[in-house]
Amino acid sequence: MATLSDIGVSALINILSAFAFLLAFALLRIQPVNDRVYFPKWYINGERASPRRGGNFVAKFVNLDFKTYLTFLNWMPQALKMSETQLINHAGLDSAVFLRIYTLGLKIFVPIAVVALLILIPVNVSSGTLFFLRKELVVSDIDKLSISNVPPKSIRFFVHIGLEYLFTIWICYMLYKEYDNVATMRLHFLASQRRRAEQFTVAVRNVPQIPGHSIADSLDHFFKTNHPDTYLCHQAVYNANKFASLVRKRDRLQNWLDYNQLKFERNPEKRPTKKIGFLGLWGERVDSIDFYKQQIKEFDKRMELERQKVLKDSKSILPVAFVSFKSRWGAAVCAQTQQSKNPTLWLTDWAPEPRDVYWRNLAIPFVSLTIRKLIISLSVFALVFFYMIPIAFVQSLANLEGLERVAPFLRPVIELKFIKSFLQGFLPGLALKIFLYVLPTILMIMSKIEGHIAVSTLERRASAKYYYFMLVNVFLGSIVTGTAFQQLHSFLHQPPTQIPRTIGVSIPMKATFFITYIMVDGWAGIAGEILRLKPLVIFHLKNMFLVKTERDREMAMDPGSVDYPETLPSLQLYFLLGIVYAVVTPILLPFILVFFAFAYLVYRHQIINVYNPQYESGAAFWPHVHSRIIASLLISQLLLMGLLSTKEAANSTPLLVILPILTLSFHKYCKSRFEPAFRKHPLEEAMAKDLLGRTTEPDINLKAFLADAYLHPIFRSFKEEELVEIRVDKVRVDRHQSYADKAQSRDDISSPSPPHHAYHPTSPPHHSYHQPTTSPPQDIYHHGIPPQYDYNHYGYHYEAESWTSRD
């Protein structure tokens, strides 16, 4: 059992680690060679120029302005400058609401920590029960500050019960206010957005095969019959895996051609050449530019043949489509109603925004979705319990005194003072963090197998799985396995009737392990997040060996978005720990407060300067956050009831029975009051927005606007005359498409998805990015861009997408 000195060693190690990470970040971020790693968001927005373009050779790699080294910590106030409205316009509502989770943690736990430390610590310390149990149980100085130190049948338990009621009321009050605020922000955000494709579009799955009719004919007939006044058009989805493979290969050839042309422009006196043998090591030497042009020309012919083959094969059309309507009201009616008397056919739901679509899963037959979900549920169940083995091992490290009693031959090594402090104060939390490192990737793969068609939904499902894993393994598993192992000696040498009492007393003792985990994950881990060591190394390796063109450099710079599947469950674990231990072991609360404050500052900086959202869901994840904090409340109440029952507090324990009932009633009210804003779209709002649109844009050609919003890659590759035949007039140019989308397009291109780069043999369309007027703060280089905060890039001032006609 870790002592106060062990906790002190762990705190010292983690504080020094966090400080080292922050110092390294502060120095690395001001070096010109690292600018694209620490400020990619501004490069993507077109509001930051590379500092390596001017100056001498050394200045391209090292910052020679020594004044900036004196102000290397100014990133902290810079991260707090931007208001919430500006943040929404700059990064989207998802990012702003994500940060509100951290401020909610501070609002909840600051008052709770003050009250608990001032009232509960004196109550617990003055009891002194554990002084008489030292021979029976493994205890530490931390346990003397917990409820374990209160003697059985003590009247002091009424203080704990009273504070449990007080804390529950305060948490519910803060949750209600925050749910109300976020729901209002979401409705305001959606109402403020201008015309977007997903507002008029519905995803239709499990379209029935009618003999003698194609899928396209069935779609047209069904929606013209059942939605005659609002149906506009539909976009078919094709299964074109072979074609997609050709697209990927052509993309690589085009990249090599761009590289060689750029190389020739820099040195016109010498044309680049290559050997056409294996890996370019032998064979005939040919002109590189001519070689790749010829290869691309041959691929264009093969792609053309494959496109025609797919178009003529009716089996290539999948029983899924994106159906567009003349109004938002029409789309809302279709998306939120049952279309057929057979509830398994013509399934409709709101279409994700185009960049949120996970195209690969559109090809999954609907009948297999239920089977897939069942298999994945069983797999997650098995995975959770498989991980119990390493979790139990980690707990054995955290409880060395208990280990000594079972394996006394390890005593000479364990008793070394520094090794003992290191093992108990730092290693358990680090080991658990390592075991959890690969888990989010595994859970995301499982979520993809389930068949969800939106990236945002995939991330929410992966987040839910990770939360259940953290709840069972990290929290409950740590308590159960740790307690059983630690108290094994007592279990074997006492009557069975005393075992529940021993467990009840020892549950609070796991606070020492969770304190070390918070310091490793929440202090040093968050400092490692801002350092971005892994992206830094990968970027420079790619820049040295793989980057050939500016497009390659953009891909190497790709920062991605906030890792919601991992970050949200970790956040919810901290809420769980704080709520459970607020009454049991309140000394844990200051460690959690440091985490929430530090993480808020770090992620605010990252969202402003680094992360580029892959999609915008309008804070659709908030109901899950709310529900899991409510679950944490229920768990804390049930655990306190169980703990007091072992303390023979028969007079006071029944007072807690009503608390879970009141909590569930509160949750049910919030669910009915606020959740519809996240699940449905009011027809009243849709009609009001339609009326406003008709007033402000009376001449809009909506069919042309929606014609290729969800366009399949085959259509993006046709020649001009063929495009007329398939009624596609223009190429969509999405000014908000991120470089992260480009990375995903290469991952998803084997699916029936439209690639973000259109391949056209004669005149390939280009992407034009709207350049917002936002600018990064001028805090790095003396030749930096002047700040001008006119945040019109996203959110409340969202503008209509720009389009480029092919005609």
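Listed values, structure above:
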{"read-out": "Condition broken by S665, with the remaining ones in (1) open to solvent by less than 60 Å² (accessible area, probe 1.4 Å); (2) of a type outside the set (D, E, K, R); (3) out of contact with any helix residue (DSSP H, G or I) (no Cβ under 9 Å at 6 or more places or on another chain) satisfied", "value": "(1)"}
{"read-out": "Residue that is open to solvent by less than 10 Å² (accessible area, probe 1.4 Å), touching a helix residue (DSSP H, G or I) at 6+ places or on another chain (Cβ under 7 Å), free of Cβ contacts under 8 Å to residues at least 40 places away in the same chain and at negative phi, where the choices are S288, S324", "value": "S288"}
{"read-out": "Residue within the range 570-586 that is assigned to a helix (DSSP H, G or I), over 30 Å from G162 (Cβ atoms) and of a type outside the set (F, W, Y) present", "value": "yes"}
{"read-out": "Selection status of I161, over 30 Å from N612 (Cβ atoms), at pLDDT 95 or above and in a helix (DSSP H, G or I)", "value": "no"}
{"read-out": "Candidates L232, L219 - the one that is in contact with a Lys or Arg (Cβ under 6 Å, 6 or more places away or on another chain) and not polar (S, T, N, Q)", "value": "L232"}
{"read-out": "Selection within the range 325-352 - charged (D, E, K, R) and either part of a loop (DSSP other than H, G, I, E, B) or over 19 Å from C233 (Cα atoms) (or both)", "value": "K326, K341"}
{"read-out": "Within the range 573-611, considering residues that are polar (S, T, N, Q) and open to solvent by less than 10 Å² (accessible area, probe 1.4 Å), the one modelled with the highest pLDDT", "value": "Q606"}
{"read-out": "Number of positions in the range 314-336 that are modelled with pLDDT of 90 or more and either small (G, A, S) or in the same structural domain as P676 (by the TED database) (or both)", "value": "7"}
{"read-out": "Any hit, the range 532-551, residues being among the hydrophobic types (A, V, I, L, M, F, W, C), in contact with a Pro (Cβ under 9 Å, 6 or more places away or on another chain) and farther than 28 Å from D356 by Cβ", "value": "no"}
{"read-out": "Which listed residue, of P623, P654, P660, is without any contact (Cβ under 8 Å) to a residue 40 or more places away in the chain, out of contact with any Leu (no Cβ under 9 Å at 6 or more places or on another chain) and either in a helix (DSSP H, G or I) or surrounded by fewer than 15 Cβ atoms within 10 Å (Cβ to Cβ) (or both)", "value": "P654"}
{"read-out": "Residue within the range 348-364 that is more than 30 Å from M470 (Cα to Cα) and open to solvent by 50 Å² or more (accessible area, probe 1.4 Å) present", "value": "yes"}
{"read-out": "Those residues of the range 638-651 which are part of a helix (DSSP H, G or I) and open to solvent by less than 40 Å² (accessible area, probe 1.4 Å), in sequence order", "value": "L640, G642, L643, L644, T646"}
{"read-out": "Residue within the range 299-310 that is out of contact with any Cys (no Cβ under 7 Å at 6 or more places or on another chain), surrounded by 15 or more Cβ atoms within 10 Å (Cβ to Cβ) and within 30 Å of F200 (Cβ to Cβ) present", "value": "yes"}
{"read-out": "Near pairs, Cβ below 7 angstrom, 6+ apart or cross-chain, from the range 178-196 (over 17 Å from H624 (Cβ atoms)) to any residue that is of a type in the set (S, T, Y)", "value": "F189/Y796; S192/Y796; S192/Y798; Q193/Y798; R194/Y798"}
{"read-out": "Hits in the range 222-242 - residues which are more than 31 Å from the chain's Cα centre (by Cα) and either of a type in the set (S, T, Y) or in a helix (DSSP H, G or I) (or both)", "value": "F222, F223, K224, T225, N226, T230, Y231, K242"}
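The values are calculated or read from the model by the stated rules, or taken from the named source; none is laboratory data. As the structure is a prediction and not an experimental result, all values here were calculated from the model. Every residue, glycine among them, receives a Cβ derived from its backbone with ideal geometry; neighbour counts consider all protein chains shown. Heavy atoms of the whole protein, side chains included, go into the accessibility calculation; ligands, DNA and RNA do not. Shrake-Rupley method; radii C 1.70, N 1.55, O 1.52, S 1.80 Å.
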